[in-house]
Amino acid sequence: MSEISLLDCTLRDGGYVNDWNFGHDNLISIFERLVSAGVDFIELGFIDERRPFDFNRSIAPNTESFNQIFEGLDKKGSLLVGMIDFGTCSIENIQPYGETIFDGIRVIFKKHVRAQAIDFCRQLKDLGYKVFVQLVSITSYNDEELSDLICLANELEPYAVSMVDTYGLLQQENLMHYYNELNRKLNPNISLGYHSHNNFQRAFANCVEMLSQRTDRKLLVDATIYGMGKSAGNCPIELLAMYLNERFQKHYDLSQILEATDASIMEFYIEKPWGYNMFFYIAALNNCHPSYVTDLMEKKTLSVKQINEVLAKLKDYGDKQLLYDKELGEKLYCEYQKQIYVDDERDIEKLRETFSQKNILLLGPGRSIERDKEKIQRYINMNKPIVISINYLSDDLHTDYIFLSNAKRYVQISSALLKKRNVVHVIATSNVTAMNADKFEYSLDVSPLLDESAEIIDNSFLMLLKVMIRLGIKRVALGGFDGYVGEKNQDHVNANMEYQYSKDQAERLNIYTRHVLDDMRSQIEMDFITDSLYIS
C-alpha cells in the first residue's frame, strides 16, 4: 500500500482570487489551523522576485520575506513548501535550506522550457531543498514529450513529480494514462503528485481515482480550503481529508479545517466566489485557455453556440490552444464573423425601393431613448419616418424594422420579436442565424460592414450607417446613440445590453466613432435628435 500525503495550497493557489492579500492575521490563522489539522504539506505562497515584500500577502520576492511573515510559528509535524513559477525568481533570492522556513520548493513550468526548468530545480536541490517538479498543463504533453520529461526527472531525482491539470481538463481515462506512464517510468523513490482544478466537476473524483490505484510509490494530492483557487477552484481539502480518514485511516482534524473556512476563507468567497460555472466549463470543453473565452464573452456579440464554434477552430493551432494568443483569438473571431457569405443584392434592391424618398429614423439602445421618449415620439408624429432600431425593441416607441447584427442580442429579444413578427421587419447580417431553421426577411452580407482595424470591428451603429449609404439614403435622424460612458449600467436603457468599459476605453471608442461619422458625412447627413457624445 502506498504512502499518501495531503498538501494544502490555499495560500498559494487561493491567492489568485484575492491577489494573495489574505491579511497577516489570516495568513497566521490559516497556517496554524492547517498545522493543527495535521496536514502533511503546507504551501505558504509564491516566491516571485517581481513582487515587493508585503506583510499581508502570500507572495514575496525571496525566502527571507517568508521567514519574516511566519516568524516564530511552530510547524509541528507539517512540512512547509513554497512555489516558484520558473523564470520569475532567480536562485540568488533563495537562501540555503536550514536558513529558511521552507522544507521544499515546488517549481511550475510549461513543457517547452522543461529542460531549463529542470536545471533550475537542480540548483534548488543543491541548496538542500526537497524539490517538486510541477508539470503545468499536463494535458498538453504527448507521450514522447512526457517520456523526455521523465528522463530529465530521473536524472534529477526530485522529491516529487506532479501532474498539474491547470485548466481542469482531465477525465478519468486521461488521468490514468498520465498516471500510468509516470508511475511506470519514474524512479521508484520519486513521489507522484496530482493538482486538480474543478472545471468539469472532476477534481475530487479524480483524486479518489488516483488514490485507489495499487502502488508502492508515495502519492501526493493537492487541495485547498473550501476549494479556493483560480478559475473553477481546486479540490476542497475538507473532502479529501474526510475521504482519507475514512478510507486510509488518516487522522486529519476536520474541525480545524472548517474553522479556517469559517474564520478566514468565507469572507473572500462572499466577495469573489469561485467554483464550477459555465465560463470555465466552456474553456475546459474546448480544451483551451480561459482567456479566449473571456475575450469572446466580453464582446457580447456571440451566442454560446457561436463561441463554441469559434473556440473549436483553436485545435488547428496546436499548443496555442492552451498558450493564450490574443491576436489569434481576434483573427478567429473576425474570420468567424465573415465566414457566412450571402448574396444580398436582391434584398438590398428591395430595401432601396422601400426606403426611397422616405424619412428614416434610426434608434439605438442608449438611455436617452427612455429619457427623451416624448421628444422622439413628437419627431415620429411630425415626420412619419420609417423607424429602424438596432439590436433592440422599444416597449414604447413604434418600430418598423429591426437591424440585427449581434447574435447574443437576437437571443435576448427573440420572444419579443416573435410577438411582433407581423409588425416588425427584420434586417439581419449574415453572422446572425435565424432560429428554427427560419430565414430572415432581409439578410445582408456582414463582411463589407466590418472594420477590422477598429477596436470593435462590428459596431452595429456604424454597420447600419454603411447599409444606409449603400441603399442611397442621403439623410437620417438618430436617437438613442448616446456614446460610451465607461460606467457600469450607464450606456444602455436595458441593463442586459451593458458592456464593461474603462473611462479611457470609452473615450477612445467615442473619438473613433466621431472620426468615422465625420468621414461618412460626405455621403449621408445625420441629425441627432437626442444628446450624444458622438457629436463633434
Sparsely packed trypsin sites (Lys or Arg not before Pro) within segment 233-327, loop by DSSP, other Cβ within 10 Å at most 11: none
So for segment 345-528, what percent of the C-alpha to C-alpha distances run longer than 20 Å? 54 percent
Sort His195, His112, His289 so the one with the fewest other Cβ atoms within 10 Å of its own Cβ comes first. His112, His289, His195
Relative to the longest principal axis of the chain, what angle (0 to 90°, nearest 10) does the C-alpha long axis of helix 172-185 take? 40 degrees
If the viscosity is 1.306 mPa s and the temperature 10 °C, what translational diffusion coefficient in µm²/s does Stokes-Einstein give for segment 4-271 when Rh comes from Kirkwood over Cα pairs? 87 µm²/s
Quick note on Val423, Val310, Val113, Val208, ordering by fewest other C-beta atoms within 10 Å, gives Val423, Val113, Val208, Val310
Using only Cα atoms, what is the ratio of the radius of gyration of segment 176-293 to 2.2 N^0.38 Å? 1.18
Grab the DSSP H runs of the chain that are 4 residues or longer, score each as -39,500 (n - 2.57), total them, divide by all residues and round the 222 nm result to the nearest 500 deg cm²/dmol. -11500 deg cm²/dmol
With the Cα gyration tensor of segment 286-338 in hand, give its eigenvalues times 5 under a square root as the equivalent ellipsoid semi-axes, listed largest first in whole angstrom. 16, 11, 10
Could you state the angle between the C-alpha long axis of helix 373-383 and the longest principal axis of the C-alpha atoms of the chain, as a value from 0 to 90 degrees rounded to the nearest 10? 30 degrees
Taking one equal scatterer on every alpha-carbon of the chain, how large is log10 of I(q)/I(0) by Debye at q = 0.05, 0.06, 0.12 1/Å? -0.29, -0.41, -1.03
Ranked Cys9, Cys151, criterion: other C-beta atoms within 10 Å, fewest first: Cys151, Cys9
For the chain, take the longest principal axis of its alpha carbons; what is the angle in degrees between that and the long axis of helix 143-156, to the nearest 10 within 0 to 90? 40 degrees
What whole-number volume per residue, in cubic angstrom, does the convex hull of the C-alpha atoms of segment 115-200 give? 85 Å³
Per DSSP, the loop-located trypsin sites (Lys or Arg not before Pro) within segment 74-107 having at most 14 other beta carbons within 10 Å are Lys76
Can you tally the lysine pairs in segment 4-271 where the Cα-Cα distance is under 23 Å and the two residues are eight or more apart, or on different chains? 21
Convex hull volume of the Cα atoms in segment 220-267, per residue, in Å³? 72 Å³
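Just so you know, all these numbers are worked out from the coordinates, no wet-lab data involved. Remember, it's a predicted structure, so these values are computed and weren't measured experimentally. Using ideal geometry, Cβ is built from the backbone for each residue, glycine included, and neighbour counts are taken over all protein chains shown.
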